[in-house]
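Note sheet for the following structure.
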Amino acid sequence: MPTSEAISYHGVIYRVAVPSPLRRVFDYLPPATSPIANPAPGTRVVIPFGNRKLVAVLLDITSGSTLSRERLKPVAAILDEQALYSDAMLRVLLWATSYYQHPVGEVFATALPSRLRTGKSTTPLSRQLSLRAAPVEPQLQALGRARQQRALLQFIADNAPVSNEQCRAAGFSQRVLQDLLDKNLLTEQLAADPALKRFTPLPVAQDFELTLNKHQTAAYSAIVSRLESFACFLLDGVTGSGKTEVYMRVMQAVLQQGCQCLVLVPEIGLTPQTLARFEQRFSCPVVSLHSGLTDTERARAWNLARSGAAGIVIGTRSAIFVPLARPGLIVIDEEHDASFKQQEGFRYSARDLAIIRGREENICVVLGSATPSLESLQNANIGKFTHLQLSERAGTAEVAEIEILDVGSQLLTEGFSEMLLFKIGKHLGQGNQVLVFINRRGFAPVLSCQSCGWIAECASCVAQLTVHSKPPSLRCHHCDGVHPLPAHCPQCQGKQLTTYGMGTQKIETFLSSRYPDIPVLRVDRDSVRSKVKLQQLFDRVHAGEPCILVGTQMLAKGHHFPKISLAAILDADVGLFSADFRGQEHMAQTIIQVAGRAGRAEHPGEVVIQTRHAAHSTLQSLARGNYAEFAAQLLTERKRAMMPPHAHLALIRAEAPELMVAIKFLQGVRQHADNLCADAFAGVMFIGPLPAPMEKRAGRYRTQLLLRSPQRAALQDLLTRLCHFMENCKQPAKLRWSVDVDPQDLI
Ligand code: ADP
Ligand code: ZN
Ligand code: ZN
């Protein structure tokens, strides 16, 4: 932002966030004429930008610009009578802009539902049409032989006020309606959507059948005693310990004060479940926001949230940007989940933004998890969050025991030891259900020639191709490339091609032939392409007949499967030795989440981790069922290694069709950083530039420069300067760069 330059124009200036990749705001003159005087910051405006018209958001009205009068253009139109964002939300969005080093216009564009980004009205369902003047008869006559127009005019006269949708439903085209509008015969009014009335709090608390246990009561009381202002809580409780019950009691208290609750969950798959549970409990309107909605549905839900009509808003990551008329509480369920971090474009963490939003809106934030992230545990340790623990399962269900099944150097049958197969047989024999977890989809991760050692690799990525059996193919899980399965080795023409390793499809095939009478249900990205399909699968599991559920990560989240009595984790060893610094944390979280699926309700569960590294300390502490102990151990290791949360990371990535182009670009950035006053950034360490662990993807070489600092402020300051440098330096063609603050992984 050119703040140091001299003011060369004095007068009213609209400062706006324009959806463009430039990291700056733009100055405009007020519109020549506008029915809306004095728009507030947070209002959408239309601006001329180059030879286009764009929808932008007004950030500020100031009294001068560094540009001269001739270079300033007026705003073309003001779109909203009321600002879309409160001052608090504007501060949150601006904070995100600077913290994540992302162009301000793109941040605002990400935050808005797409309908509003294109300049459409905020109230999509409430445009009401009536006749401009009565009576209708002379107007009908004046329309002469335009039969359709006459019919529509009559329809509107009879039914006014009517919406666009009603006209269309009655069989009139948009064209005919436009003709009448053009002839100035109609008026349009933005009447309130009948659903837009603010919800009324329930006069009395509902009766609850459940009595909170003592841990729940303590957690509940701690939170409600602080509802009046900003505070953060980490609700740390094993799966089934009644966290959701605590959220709901707190929400009840918030709703009774007439305030709204925002609840974030990791997956769309979980929103219908949570939605159903809330709708059952609460009588106020509950809306959900996730990527499965149409633009109109999304805009409507957004509107109900913003107007204060919805008491409860449930959504996935991007719902953190939804404005609330009367914010009262933010809940982040499964706060450890990686999906709260957006991994491309505007790379924000919805969990971390929730804290900032809580601070700006002065409300409580509750983060819940059975396996809290190390970041949140650390925040609890240093007193930034209040740590609330629910250490037993609510109701009668027992916590499943975790058993380490040491398979040493045993030969395995398609990945299963004899002991594990025996256990599976036993549980099925007792009429129960079994879950087999493996975090790899497809048939097998490697296809190789036995004669010459050739391995099938993706030509566009530095990665092996995964063998799929349904349908038979070789697929790249990184660029989604699909190739036919070769009949012979392309290198030596040998016919002995073998697969190594296992994926869900291979396990499904094996278990189906091993237990021909038992249905084997596979849950992964390939088998469940739609929400409906997933629901059908889960309905079968809930029906309770014996079955084997084989699946990936998709199984590890939030679902309750009361009849599953055995959960087996096949590939824990992959996580133990992962190159990713969060590998062990993620593995432990997955194991505990999978374990949480078993042994709900009246069936005590058994959880088995099959491993060749039974003595590994991580597995041992997990087997003791002690995530806290495990996490403390990892936190110590992270401290020793100076990794998050004990240090802060940022990754500058560059990619190009040629490796050296990307490397050279980052070398320039590194050089520039070295040239900047070294003292000011003394604590910041650089690693790189280096090729990314996954060096080539979809035909592009990927490189990275890692920045690490014990202090956020120094890192932020340096990043701002480096972004400015990268934006203004001469960039090689086809090079793309991006900044990732607090990266999830370094792959
Ligand atoms: P979590 O969110 O921690 O997984 P839930 O809130 O979903 O746990 O609770 C798990 C199960 O226990 C639910 O069926 C819930 O109705 C029940 N439950 C929760 N709290 C209690 C309680 N105090 N007494 C009896 N049952 C409870
Ligand atoms: Zn070969
Ligand atoms: Zn590929």
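Quick rundown of the values:
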| quantity | calculated |
| --- | --- |
| Viscosity 1.002 mPa s, temperature 20 °C, Stokes-Einstein D of segment 1-62 from Kirkwood C-alpha radius, µm²/s | 171 |
| Leading residue at positive end of dipole, segment 648-741 (Cβ point charges), from HIS648, VAL741, ALA692 | ALA692 |
| If the convex hull is drawn through the Cα atoms of segment 126-191, its volume per residue in Å³ | 72 |
| Mean separation of Cα contacts under 8 Å, 6 or more apart, over the residue count of the chain: relative contact order % | 11 |
| Rg over Rh [alpha-carbon atoms, Kirkwood Rh] for segment 8-117 | 0.94 |
| Computed lengthening from ILE455 to LYS734, 0.36 nm per intervening residue step minus Cα-Cα distance | 97.4 nm |
| In degrees, nearest ten, helix 418-429 long axis to first principal axis of the chain (Cα) | 60 |
| FRET efficiency for ALA170 and SER114, using Cβ-Cβ distance with R0 set to 30 Å, rounded to 0.05 | 0.60 |
| Approximate spin-label separation TRP95-ASN381, in nm, with each point projected 7 Å along Cα-to-Cβ | 2.4 |
| Over segment 381-500: Rg over Rh, Cα atoms, Kirkwood Rh | 1.16 |
| The chain: proportion of alpha-carbon pairs further apart than 33 angstrom, % | 60 |
| Mean Cβ count within 10 Å, highest first, over the residues of peptides 400-408, 359-367 | 359-367, 400-408 |
| Selection from LEU705, PHE581, LEU79 lying farthest towards where the dipole of the chain points positive, charges on Cβ | LEU79 |
| Charge dipole (the chain, unit charges on Cβ, about Cα centre) - positive-most of ASN381, ALA40, SER173 | SER173 |
| Highest to lowest packing among 310-323, 515-528, scored as the average C-beta count within 10 Å | 310-323, 515-528 |
| Euclidean distance of C-alpha centroids, segment 689-711 and segment 216-253, integer Å | 40 |
| Kirkwood-based Rg to Rh ratio, segment 254-326, C-alpha trace | 0.93 |
| Vicinal HN-Hα couplings computed from phi for segment 684-698 (Karplus, 6.51 cos²θ - 1.76 cosθ + 1.60; Hz; Gly/Pro x) | 7, 9, 10, 10, x, x, 9, x, 5, x, 9, 5, 9, 9, 6 |
| FRET efficiency, 1/(1 + (r/R0)^6) with R0 22 Å, evaluated for ALA628 and ALA218 via beta carbons | 0.80 |
| Nearest 10 degrees, 0 to 90: helix 531-543 Cα axis against the chain principal axis | 50 |
| Per-peptide average of other Cβ atoms within 10 Å, ordering 143-151, 644-652 highest first | 644-652, 143-151 |
| In degrees, nearest ten, helix 504-514 long axis to first principal axis of the chain (Cα) | 50 |
| Fully extended contour minus Cα-Cα distance, from ARG525 to SER283, at 0.36 nm per residue | 83.6 nm |
| Proximal lysines relative to LYS73, as straight alpha-carbon distance under 22 Å, when same-chain residues fewer than 8 apart are discounted | LYS53 |
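The numbers here are math on the coordinates, done by the rules we state, and not lab data. Just so it is clear, the model here is predicted, and its values are computed rather than measured. Quick reminder, even Gly has a Cβ in these numbers, built from the backbone with ideal geometry, and neighbours come from all protein chains shown.
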